[in-house]
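The values are calculated or read from the model by the stated rules, or taken from the named source; none is laboratory data. Just so it is clear, the model here is predicted, and its values are computed rather than measured. Methodologically, a virtual Cβ is constructed for each residue, glycine included, from the backbone with ideal geometry; neighbour enumeration extends over all protein chains shown.
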Amino acid sequence: MQFYYENVKGLGSVVVSHHALKRIEEEGISEELFKKVLLTPIGSDTPDSLDIVWRERNGIRLVINIDPDVNSGAKVVKTVYRIQAQAKARR
């Protein structure tokens, strides 16, 4: 699996951590689905803190550190996991 991506929309260069690669394997997420979430986001990234944003699509959430301690110029995908759809309010 590829672990370095250049020119990612809204992020620039991105590295996938060993932990994230392990989670991708554990969750049974295909490389194609991971790339789709990372490279073609549907909406904007959701901030979680000053350094962390989420990127979601197709029930997959990527947790991305946008200001890692080791400043190599690349953002870091810290972890990946499946999420369930949120409940929708009906009138």
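Couple of notes before you dig in:
- When region 12-50 is filtered for residues that are farther than 24 Å from Asp69 by Cβ and either β-branched (Val, Ile, Thr) or part of a loop (DSSP other than H, G, I, E, B) (or both), the ones remaining, listed by number, are Gly28, Ile29, Ser30, Val37, Thr40, Pro41, Ile42, Gly43, Ser44.
- Any chance Ile66 is more than 19 Å from Met1 (Cα to Cα), out of contact with any Pro (no Cβ under 7 Å at 6 or more places or on another chain), surrounded by 17 or more Cβ atoms within 10 Å (Cβ to Cβ) and among the aliphatic types (A, V, I, L, M): yes
- In region 15-59, of all residues being basic (Lys, Arg) and within 17 Å of Tyr4 (Cα to Cα), the one that is surrounded by the most Cβ atoms within 10 Å (Cβ to Cβ) corresponds to Arg55.
- Phe34 within 15 Å of Val76 (Cβ to Cβ), at pLDDT below 90, touching a helix residue (DSSP H, G or I) at 6+ places or on another chain (Cβ under 9 Å) and of a type in the set (Phe, Trp, Tyr): no
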